[in-house]
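Okay, structure first, notes after.
The values are calculated or read from the model by the stated rules, or taken from the named source; none is laboratory data. Predicted model, so just to flag it, every value in this text is computed and none were measured. Don't worry about glycine lacking a Cβ; one is built from the backbone with ideal geometry, like all the others, and counts go over all protein chains shown. Surface accessibility is based on the protein's heavy atoms, side chains included, excluding ligands, DNA and RNA. Shrake-Rupley method; radii C 1.70, N 1.55, O 1.52, S 1.80 Å.
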Amino acid sequence: MNVSMDTLVTLCKTRGFVFPGSDIYGGLANSWDYGPLGVELKNNIKQAWWKKFVTSRLDMVGIDAALLMNPKVWEASGHLATFTDPLVECKTCHERYRADQIDLTAACAKCGNKGTFTEPAAFNMMMKTWLGPKEDATATAYFRPETAQAMFVDFAQVLTATRKRVPFGIAQAGKAFRNEITPGNFIFRQREFDLMEFEYFIHPNDWEKSFEYWLAQMHEWIKECGIDASRVHELEVSAEDRAHYSKRTVDLEFDYPFGKKELYGLAYRTDFDLKNHAEHSGAKLEYTDPITNEKYLPHVIEPAMGLDRTFLAVLLSAYEEQDVDGEKRVVLHLPKHLAPTKVAVLPLSKKEELSSVAQPLAEKLAKLFRTEYDETQSIGKRYRRQDEIGTPFCVTVDFETLTDNAVTVRERDSMKQERVPIAELEAYLRKNLE
Ligand code: GAP
């Protein structure tokens, strides 16, 4: 179902997925903190991505590079010159907008005056800082706007260290920073966000085949995340809208409640980056084919996937409101491997005879699966709470448990209940959580 952003943002805040950042100080516009459940969901997505695209493949390796790189990197990559968005300012109230996101003939959304916008000017989105005690040009550094550059800068070292042969890829997942003119739409557009991307190095002749292959892999990943495929659309990005390094880009867009917008991007970066780094640094970044002895600069296919946007699309796709016996049930149908909490142990009452069984059981399960223990409120309310955060299994300890040494296991989506002996519970959960 199509849940509204207001409903989703409220759920995220009340259940501890995502909080407004710096809240007790009145917040910091468009900054968000991932809460106790959010960090688990985010980590699970990141781990699933790393497993699918890195550790389960023979042709992929990962790195974890510094966020701050030599500023010469950003000169060579073209980011200092061209990583810009068009900026306009209202001449009356001085509010600033991204020129490509508003109607320049309409009135200013803030002051209501018409025809007052300045001519669009290129605004560089690199986030600047200083290294060390001097705040001058010699100490200027930039927080990376993409994780990609370290994969190019470290290309030769990775090649020597791993003895990989083309085709192969280098992957990285981590923070990126962009001084966005208009962040917004919850975690969709932030100034600080998480990227998961890899550079897949190929022979130039193979780029079309490789592009199609990775596009299909991205669709497969989307499906594995439980993202509603009917809300995902391919957009062939026109030459004028492509990033400065790309010869072909396909964006995968998602139908968010605020419109159809980018989820992921797939770009053919040619040898743009390796060539520029070789020229600017003087390093030899050519690859020699061990069989043909051909020397060439590998070309690159780059699947880039935002972690925060994945998180958002996963939640939007998982959310459902159902009518169960005249009562509203909110349920997150999260894929089990992504669910932040896998099991909730719920003693039927707070009585000591039940908690003395349930508490140690929860402690034991917590060593195997992310487990919650909850003994307050009615069992119905506790089930609803677990449904709302997408917990696949609730384990209820009741008075019968004291005699039959079994528990009731309730499955989230079907709400079916099954009696399972405690001795078999671990195996049961392992099997069903796979
Ligand atoms: N290295 C290529 C690159 O960075 P991009 O299309 O600029 O390409 C990649 O960004 C992905 O990062 C996007 O598809 C999106 O998922 C995510 N992303 C970009 N800007 C973002 C922002 N301001 N906030 C959250 N996610 C963002």
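In the chain, taking the dipole from charged Cβ atoms about the Cα centre, the farthest positive-side position among SER230, TYR213, GLN47 is held by GLN47.
Both radii come from the Cα set of region 36-157: Rg as radius of gyration, Rh as Kirkwood radius; their ratio Rg/Rh reads 1.12. Taking the chain as a Gaussian network of alpha-carbon nodes connected by springs under 10 Å, the highest mean-square fluctuation of the residues TYR245, TYR213, TYR264 belongs to TYR213. Surface exposure of region 180-244, expressed per residue as accessible area with a 1.4 Å probe, stands at 46 Å².
Suppose we keep just the DSSP beta bridges with both residues in region 306-434; what percent of those would be antiparallel, to 5? Antiparallel bridges make up about 65 percent of those DSSP assigns within region 306-434. Is the shape of region 341-433 best called rounded, prolate or oblate, per the rule: a/c under 1.5 gives rounded, else a/b larger than b/c gives prolate, else oblate, with a ≥ b ≥ c the square roots of the Cα gyration tensor eigenvalues? Since a/c stays below 1.5, the shape of region 341-433 is classed as rounded. Listed as lacking a disulfide-compatible partner in the chain: CYS12, CYS225, CYS394, by the criterion of no other cysteine Cβ under 4.7 Å. In the chain, inverting the average of 1/r over every pair of distinct C-alpha atoms gives 24.6 Å as the Kirkwood radius. With Cα atoms as the point set, the radius of gyration and Dmax of region 4-72 evaluate to 16.9, 49 Å. Toward the positive end of the charge dipole of the chain, about the Cα centre and with charges on Cβ (Lys, Arg +1; Asp, Glu -1), which of PRO290, MET1, ASN432 goes farthest? Toward the positive end, the furthest listed residue is PRO290. Ordering GLN322, ALA423, PHE272 by Cα displacement along the dipole of the chain toward the positive end leaves ALA423 in first place; charges were set at the Cβ atoms of Lys, Arg (+1) and Asp, Glu (-1). Working ranking of peptides 195-207, 411-423 by packing, defined as the average number of other Cβ atoms within 10 Å per residue, highest first, is 195-207, 411-423. Phi angles across region 274-290 convert, under the Karplus curve 6.51 cos²θ - 1.76 cosθ + 1.60 with θ = phi - 60°, into 3J(HN,Hα) values of 4, 4, 5, 5, 4, 5, 6, 9, x, 6, 8, 10, 6, 10, 10, 5, x Hz, Gly and Pro given as x. Against the chain, whose longest principal axis comes from its Cα atoms, helix 379-388 is set at around 10 degrees. Please report the spacing between the Cα centers of region 94-109 and region 230-283 in Å, no decimals. With region 94-109 and region 230-283 each reduced to a Cα centre, they are spaced 25 Å. Just how far, in whole angstrom, is region 341-388 from region 205-224 if you go by their alpha carbon centroids? So the two Cα centres are separated by 42 Å. Averaging the Cα positions of each part gives two centres, and for region 1-49 and region 67-88 these lie 29 Å apart. Charges only on Cβ, +1 for Lys and Arg, -1 for Asp and Glu: so what's the dipole of region 1-153 about the Cα centre, in debye to the nearest 20? It works out to roughly 320 debye. Per residue, the accessible area of region 265-408 comes to 42 Å², computed with a 1.4 Å probe over protein heavy atoms only. Each residue of region 84-101 was assigned a 3J(HN,Hα) from its phi angle through the Karplus curve 6.51 cos²θ - 1.76 cosθ + 1.60 (θ = phi - 60°); the sequence is 10, 10, x, 10, 10, 10, 6, 5, 7, 9, 6, 5, 10, 9, 7, 4, 7, 10 Hz, with glycine and proline shown as x. Between THR14 and HIS233, what is the spin-label point distance in nm, taking each point 7 Å from the Cα along the Cα→C-beta axis? Result: 3.3 nm between the two label points. Excluding ligands, DNA and RNA, the accessible surface per residue across region 84-123 is 62 Å² with a 1.4 Å probe. When the solvent-accessible area of the chain is split by element, carbon and sulfur atoms take up 50 percent of it, the probe being 1.4 Å. Highest mobility in the GNM of the chain, judged by mean-square fluctuation with C-alpha springs under 10 Å and restricted to ASN405, ASN124, ASN43, is found for ASN405.
Packing, taken as the mean count of other beta carbons within 10 Å per residue, orders the peptides 280-292, 349-361, 333-345 from highest to lowest as 333-345, 349-361, 280-292. With 22 Å as the limit, the listed pairs LYS350/LYS431; LYS223/LYS367; LYS13/LYS110; LYS134/LYS275; LYS72/LYS284; LYS351/LYS381 have LYS350/LYS431; LYS223/LYS367; LYS13/LYS110; LYS134/LYS275 beyond it between alpha carbons.
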